[in-house]
Amino acid sequence: MANDLQVLIVAHDGRLEAEALLFAASFAAAGNIGLVVATPDPGLNWPCGRALTPAGRHHLETLGADIRHFSPKHFGETYPNGLRIEALRTLAP
């Protein structure tokens, strides 16, 4: 059954991972809400070591989150809010 609503969030280690877990648990309980968790891959604009933790990734997947990777090309560590713009590329047109 397709989800009635899809929500996209950006997450990496730390506070955003904890918030993603809260989103996933809430959406799993609500039903018919899909959660897409976009996580930036390490690269020129994003430092290594900021990925989701293995435990966090496991729990997100268990709660039904769709984890998608993307490579920041224009924004990154100097303007992390821009990652939300770049994460839109993970969605289907």
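The values are calculated or read from the model by the stated rules, or taken from the named source; none is laboratory data. This one's a predicted model, so the numbers in the text were calculated from it and none came from an experiment. Methodologically, a virtual Cβ is constructed for each residue, glycine included, from the backbone with ideal geometry; neighbour enumeration extends over all protein chains shown. The accessibility values were calculated without ligands, DNA or RNA, using every heavy atom of the protein model including side chains. Shrake-Rupley method; radii C 1.70, N 1.55, O 1.52, S 1.80 Å.
If you plug each phi of the range 50-57 into the Karplus form 6.51 cos²θ - 1.76 cosθ + 1.60 with θ = phi - 60°, what whole-Hz ³J(HN,Hα) values come out, in order, with x for Gly and Pro?
10, 7, 4, 6, x, 5, x, 4
Name the residue farthest towards the positive end of the dipole of the chain from the options Ile9, Gly34, Leu21, assuming +1 on Cβ of Lys and Arg, -1 on Cβ of Asp and Glu, about the Cα centre.
Result: Ile9.
Nearest 20 debye, what's the magnitude of the dipole of the chain about its Cα centre given +1 on Lys and Arg Cβ and -1 on Asp and Glu Cβ?
On the way: 7 positive and 9 negative charges, 33 e Å.
The calculation lands at about 160 debye.
May I ask you to derive the FRET efficiency for Glu19 and Asp41 from their Cβ-Cβ distance with R0 = 22 Å, giving the value to the nearest 0.05? Intermediate results must be reported in sequence, preceding the final value.
On the way: r = 20 Å, r/R0 = 0.90.
Step by step, r from the Cβ atoms, then E = 0.65.
Could you list which residues have their amide H under 5 Å from that of Arg68, counting only those 5 or more apart in sequence or on another chain, with H placed in the peptide plane?
Those lying under 5 Å, H to H, from Arg68 are Val37, Ala38, Thr39.
Give the relative contact order (percent, whole number) for the chain; include only Cα pairs under 8 Å separated by 6+ residues. Working shown, then result.
On the way: 148 pairs, mean separation 28.0, N = 93.
Relative CO of the chain lands at 30 percent.
Keeping all protein chains in place, calculate the accessible area per residue for the chain (probe 1.4 angstrom), answer in Å². Don't jump to the answer; show the numbers that get you there.
Values: 5650 Å² over 93 residues.
For the chain, the per-residue accessible area is 61 Å².
List the residues, sorted by chain then number, that are 5 or more residues from Asp13 or on another chain and whose placed amide H is less than 5 Å from its amide H.
Answer set, sorted by chain and number: Ala51, Leu52.
For the chain, which whole percent of the accessible surface, found with a 1.4 angstrom probe, sits on carbon and sulfur atoms? All intermediate terms of the calculation are to be shown ahead of the outcome.
Values: 3360 of 5650 Å².
Of all accessible area on the chain, carbon and sulfur atoms account for 60 percent.
5 Å is the cut-off here: which amide hydrogens, built 1.01 Å from N in the peptide plane, fall below it relative to Gln6, excluding neighbours closer than 5 in sequence?
Sorted by chain and number, the residues that satisfy this are Gly34.
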